[in-house]
Structure formats: C-alpha cells, structure tokens
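Reviewing the structure listed below.
The values are calculated or read from the model by the stated rules, or taken from the named source; none is laboratory data. These numbers were taken from a predicted model, which means no experiment stands behind them. Every residue, glycine among them, receives a Cβ derived from its backbone with ideal geometry; neighbour counts consider all protein chains shown. All accessible areas refer to the heavy atoms of the entire protein, side chains included, with ligands and DNA or RNA removed. Shrake-Rupley method; radii C 1.70, N 1.55, O 1.52, S 1.80 Å.
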Amino acid sequence: MFLTRMIYHSAPRFETDSLALEQALAEIMAAGLRNNPAAGISGVLAVDGQRFIQVMEGPRDRLSETFARIGSDTRHRDLVIAFFGEVDSRVFPDWSVAMMNPITLPECEPRCVDYDAITAEGLLERARRIRETGAIAGRETRSDGESAA
C-alpha cells in the first residue's frame, strides 16, 4: 500500500453563515465517520470562510474512490486539486471537520487567502491551523492507531 495524500479546495453552493452549513457539515461528518475508518482514510475538512479545504490521507485506490464520490457531490463547486501524491507519513492520523475561527487563529495567519495563488503546502498548513484552532467534530485515534470512537 502506498500512503497517498490529496489536497483540494472548493466553494460551497450554499450560504456558509447559515443553518445550511451546519446541516451540510453534520452530513459530511457522518459520512466521513461511516466510510473513512474502514477505508483507512484520515484527514480534515476545513471550512475557511467561503472555501472548503480538504486533506485526505490513505491508500491511493481508496482515495480515488472517495474523491469520485466527492466530485459528484452537489454541495460544492469549483473543485481544484492542489496535490495528489505519495507521502511518507500522515499529517492527520484521525478524521475531523473544522471551521475557521478568526478569533483563535494566530495573529500571523491571514484571515483571507488568495486561492488562485496558494500552494499545496500552504493549503496543508492552513488546514492544520484551522483544525488546531477550530475543530468542531472528529474521530480520535488511540496511540495504537485504532479508532477511539
């Protein structure tokens, strides 16, 4: 098995400051918790203002299958794959959904990002910081690598 990482960003097709966002995130989280552990996929879906950033890590074939489902999801548009390739280790060993909280982001972190210019490494770092400061739901893993949920 080759450990693979995929990083993409997209725009939601609904207002992100509404109840629709809360409902969509609950549905996405439920699907992720249902499907990802068995597929060996970990990662984060970070909501960054008017963009989604998703980082997924796992077996290449499982990521491809998962991304095929994601690509047909009508809740988002303007999907841009920033990175898809082999990596040595996981950055996100569990699964979570996080929402940017401008109050808790470090001062040095920009509140708005130019998605036409950001690199895959920049997206990875942005997702990591959003997760650290704004996680709202997730699947923890124990030190032995098994799911705690």
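Can you give the charge dipole size of the range 3-136 about its Cα centre, rounded to the nearest 20 debye, using +1 on the beta carbon of Lys and Arg and -1 on the beta carbon of Asp and Glu?
On the way: 15 positive and 20 negative charges, 61 e Å.
The calculation lands at about 300 debye.
From the phi of every residue in the range 126-132, what ³J(HN,Hα) in whole Hz does the Karplus formula 6.51 cos²θ - 1.76 cosθ + 1.60 yield, where θ is phi - 60° and glycine or proline is x?
Calculated HN-Hα couplings, in order: 4, 4, 4, 5, 5, 4, 5 Hz.
For labels at SER89 and GLN23 in the simple 7 Å Cα→Cβ model, what's the distance in nm?
Spacing of the two 7 Å Cα→Cβ label points: 4.2 nm.
With a ≥ b ≥ c the root eigenvalues of the C-alpha gyration tensor of the range 9-58, is it rounded (a/c under 1.5), prolate (a/b larger than b/c) or oblate? Could you put the intermediate results ahead of the total?
Details: a/c = 3.43, a/b = 1.66, b/c = 2.07.
Because a/c hits 1.5 or more and a/b fails to exceed b/c, the range 9-58 counts as oblate.
Using the heavy atoms of the protein chains and a 1.4 angstrom probe, tell me the accessible area per residue for the range 36-88 in square angstrom.
Numbers: 2400 Å² over 53 residues.
Computed with neighbouring chains in place, this is 45 Å² per residue.
Starting from the amide H of ALA98, placed 1.01 Å from N in the peptide plane, find each other amide H under 5 Å away whose residue is 5 or more places distant or on another chain.
LEU45, ALA46, VAL47, ILE136
Out of the total accessible area of the range 3-136 (probe 1.4 Å, heavy atoms of protein only), what percent is carbon and sulfur? Write down the numbers at each step before the final one.
Details: 3510 of 6670 Å².
Taking all protein chains in place, the range 3-136 shows 53 percent carbon and sulfur surface.
Under the 0.36 nm per residue contour assumption, what length would be gained going from the current alpha-carbon distance of ALA11 and CYS112 to full extension?
Working: separation 101, 0.36 × 101 = 36.36 nm, distance 1.41 nm.
That works out to 35.0 nm of additional length.
If I ignore ligands, DNA and RNA and count only protein heavy atoms, how much of LEU19 is accessible to a 1.4 Å probe, in Å² to the nearest 10?
Looks like 130 Å² after rounding.
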